[in-house]
Amino acid sequence: MSKVLVTGGAGYIGSHTVIQLLNAGHQVISLDNLCNSSQGVIGRIEELAGKPVQFVQGDIRDREVLRAVFAQYSCNAVMHFAGLKAVEESQTHPLKYYDNNVSGSAVLFEEMMRAGVSKLIFSSSATVYGNPDSVCYSETTPLKPINVYGRTKLMVEDILRDIKQAYPHWQIALLRYFNPVGAHESGRIGENPFGTPNNLMPYISQVAIGRREKLMVYGGDYSTPDGTGLRDYIHVDDLALGHLAALNFLNEDHSLLTLNLGSGQPYSVLEMITSFEKASGIKIPYEVVARRLGDLQEYYADPRLAKSVLGWEAKLGIDRMCADAWRWQKQNPHGYDSS
């Protein structure tokens, strides 16, 4: 079993992956600066997994913190989730994103090298593809991101490809996510964005629980069946299991692994609203407004390579995504600050 450092381990995807790692018998050290997450998630992870998590509050840009973590815990693998992820914010605060996502990653990789840790799974994104001619993205789709967030992810991928070229013994997986949604089936951990949600599902959830008046649907005039944008949504637990499968792969194979993690099934905004209404029994008020700059009409993953290489595929559909998201929101109306 591995001893895994999980950066961003208190965040949405990181926390769900920590549970899967613990359930599989791995030891976990969770590092998080809590800029968009809550330390309260750690106790809930330990409760659900029945195992301890070593938590360190710290930033990947802080060499001394990383050096101390690697010295104390003797990690032999890293899962790197730490990063800022709001597309719109990245456009208005580009230096913040380059500093945190790119410079922070470079510091992490340097300290891994210093500590002799060479196994890494990187949290990348479908935004590295940009706006290609095809709406179905395979791993060979050209990489032309159209926003700062996507460019930071591609830059880190490029750094890791160069590291692999220079140090062939490094074991690296680049996992490109589509749109993670849902929550742990217990309702104890889930997506807990600070401020106004940037993503569809938590916004719908907050409308359903009464924290927001209505949902804004950006664009109702796309050339899609119902006029709203189509996206590939993947349950966060399926995504977490993809990371576990990638870790198992790297234990056996030293190839550079680059994979899409998506369902391959696009759903429209209105389909997501309808499914959430079914799961919650609550009518979701919404208003169709103008398209957002940079939003694409439709995109989804070609997930066949992940199934071929890892034996992994997304199994939890839209109804389960919405039911789990609602259970989390209902039990935790104010996130981890709920009493």
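No lab work stands behind these numbers, since they all come straight from the coordinates. All figures in this text were calculated on a predicted structure; none of them were measured in a lab. Every residue, glycine among them, receives a Cβ derived from its backbone with ideal geometry; neighbour counts consider all protein chains shown.
What percentages make up the Cα-Cα pair-distance distribution of region 154-307 when the bins are 10 Å wide from 0?
Once binned at 10 Å, the Cα pair distances of region 154-307 give 10, 31, 31, 19, 8, 1.
For the cross-link pairs LYS307/LYS330; LYS3/LYS164; LYS144/LYS214; LYS153/LYS307, which exceed 32 Å when the distance is taken from alpha carbon to alpha carbon?
Working: LYS307/LYS330 34 Å; LYS3/LYS164 22 Å; LYS144/LYS214 34 Å; LYS153/LYS307 23 Å.
Correct reply: LYS307/LYS330; LYS144/LYS214.
Can you pull out the GluC sites (Glu not before Pro) in region 135-236 whose DSSP state is coil and whose Cβ has at most 11 other Cβ atoms within 10 Å? Please list the in-between numbers first.
On the way: sites: GLU139, GLU157, GLU185, GLU191, GLU213; in loops: GLU139, GLU185, GLU191, GLU213.
Sparse-neighbourhood loop GluC sites (Glu not before Pro): GLU213.
For a footprinting-style exposure proxy, rank PHE194, PHE109, PHE70 by other Cβ within 10 Å, fewest first. Write out the running numbers ahead of the final one.
On the way: PHE194 11, PHE109 23, PHE70 19.
Neighbour counts put them in this order, fewest first: PHE194, PHE70, PHE109.
Counting only DSSP beta bridges with both residues in the chain, what percent are antiparallel, rounded to the nearest 5?
Numbers: 3 of 41 bridges.
Taking every DSSP beta bridge within the chain, about 5 percent pair in antiparallel fashion.
Please report Rg over Rh for region 236-302, where both radii come from the alpha carbon positions and Rh follows the Kirkwood definition.
Working: Rg = 17.6 Å, Rh = 15.6 Å.
Looking at region 236-302, the ratio lands at 1.13.
How many percent of Cα pairs in region 50-184 exceed 27 Å?
Numbers: 2224 of 9045 pairs.
Value for region 50-184 (Cα pairs over 27 Å): 25 percent.
Dividing the alpha-carbon radius of gyration of the chain by 2.2 N^0.38 Å (N being the number of residues), what value is obtained? Numbers along the way, then the final one.
Numbers: Rg = 19.1 Å, N = 339, 2.2 N^0.38 = 20.1 Å.
Relative to the rule-of-thumb radius for its length, the chain sits at 0.95.
Select from GLY281, GLY43, GLY264 the residue whose mean-square fluctuation is largest in a Gaussian network model of the chain (Cα-Cα springs shorter than 10 Å).
So, out of GLY281, GLY43, GLY264, the one fluctuating most is GLY281.
To make sure I understand, if each residue's beta carbon is the centre and we count other beta carbons within 10 Å, what order do ILE282, ILE273 fall in, fewest to most? Don't jump to the answer; show the numbers that get you there.
Details: ILE282 16, ILE273 21.
So the residues, fewest neighbours to most, are ILE282, ILE273.
Could you please rank CYS75, CYS136, CYS322, placing first whichever residue has the fewest other Cβ atoms within 10 Å of its Cβ? Kindly include the intermediate steps, with their values, before the conclusion.
Details: CYS75 20, CYS136 16, CYS322 26.
Fewest-to-most Cβ neighbours within 10 Å comes out as CYS136, CYS75, CYS322.
Please identify, among VAL102, VAL18, VAL309, the residue showing maximal mean-square fluctuation in a Gaussian network model of the chain using a 10 angstrom Cα cutoff.
So, out of VAL102, VAL18, VAL309, the one fluctuating most is VAL309.
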